[in-house]
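Report on one structure; see the data block that follows.
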Amino acid sequence: MKNRPFRERLGFALAGWRAGWRRERSFCTQAVIGVAAAAALVVLRPAPIWWALVAMLAALILALELLNGAIEAVIDLLHPGLHDEITAAKDMVAGAVLAISAAALVVGAALAVERGPAALREWGVLR
């Protein structure tokens, strides 16, 4: 796999996205939430730094979901039975996704507090 042309490596990465979409319900859910976050940015029209922050968090969440799925797949292949250490490893990776998802919620709340009132005034809901 090393030293392959960029185009080929990009194909591997896109195949990983497709596999995540087909195999991981959480990846699909997070992708839909990411699209909703992008729509909120269009509606709220925040400063560019908010766009960057939301994009980084969405990408990080999706990347962690892909890692979570990959780690679980390898663990299940190598050791299909239940074991305390395997359970702990899977739970820790899921915890990583939860941690960054919680951070994304905090960022979303901060964005709503900053831009929400101005957006409501622009729409004529608030004076």
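The values are calculated or read from the model by the stated rules, or taken from the named source; none is laboratory data. Source: prediction; values computed, not measured. A quick note on method: Cβ atoms are made from the backbone with ideal geometry, for glycine too, and the neighbour counts reach across all protein chains shown. Surface accessibility is based on the protein's heavy atoms, side chains included, excluding ligands, DNA and RNA. Shrake-Rupley method; radii C 1.70, N 1.55, O 1.52, S 1.80 Å.
Observations, loosely collected:
- Contacts under 6 angstrom Cβ, first residue in the stretch 64-85 being touching a residue at least 12 places away in the same chain (Cβ under 8 Å), partner open to solvent by less than 60 Å² (accessible area, probe 1.4 Å) and among the charged types (D, E, K, R), 6 or more apart: G69/E24; E72/K90
- In the stretch 31-48, the residues that are under 15 Å from the mean Cα position of the chain (by Cα) and either farther than 30 Å from G116 by Cβ or open to solvent by 40 Å² or more (accessible area, probe 1.4 Å) (or both): V32, I33, V35, A36, A38
- Some residue of the stretch 65-73 being open to solvent by less than 50 Å² (accessible area, probe 1.4 Å), over 13 Å from R23 (Cβ atoms) and out of contact with any strand residue (DSSP E or B) (no Cβ under 9 Å at 6 or more places or on another chain): no
- Count of the stretch 3-30 residues which are more than 16 Å from A70 (Cβ to Cβ) and assigned to a helix (DSSP H, G or I): 7
- Residue that is surrounded by the fewest Cβ atoms within 10 Å (Cβ to Cβ) [pool: residues in the stretch 6-18 that are hydrophobic (A, V, I, L, M, F, W, C) and free of Cβ contacts under 8 Å to residues at least 40 places away in the same chain]: F6
- Considering the stretch 49-64, and only residues there that are within 17 Å of the chain's Cα centre (by Cα) and open to solvent by 70 Å² or more (accessible area, probe 1.4 Å), the residue that is farthest from A110 (Cα to Cα) turns out to be L60.
- Test result for M56, without any contact (Cβ under 8 Å) to a residue 24 or more places away in the chain, of a type in the set (A, V, I, L, M, F, W, C) and closer than 19 Å to R25 by Cα: no
- In the stretch 19-30, the residues that are exposed (fewer than 15 other Cβ atoms within 10 Å of the Cβ) and within 15 Å of A104 (Cβ to Cβ): T29
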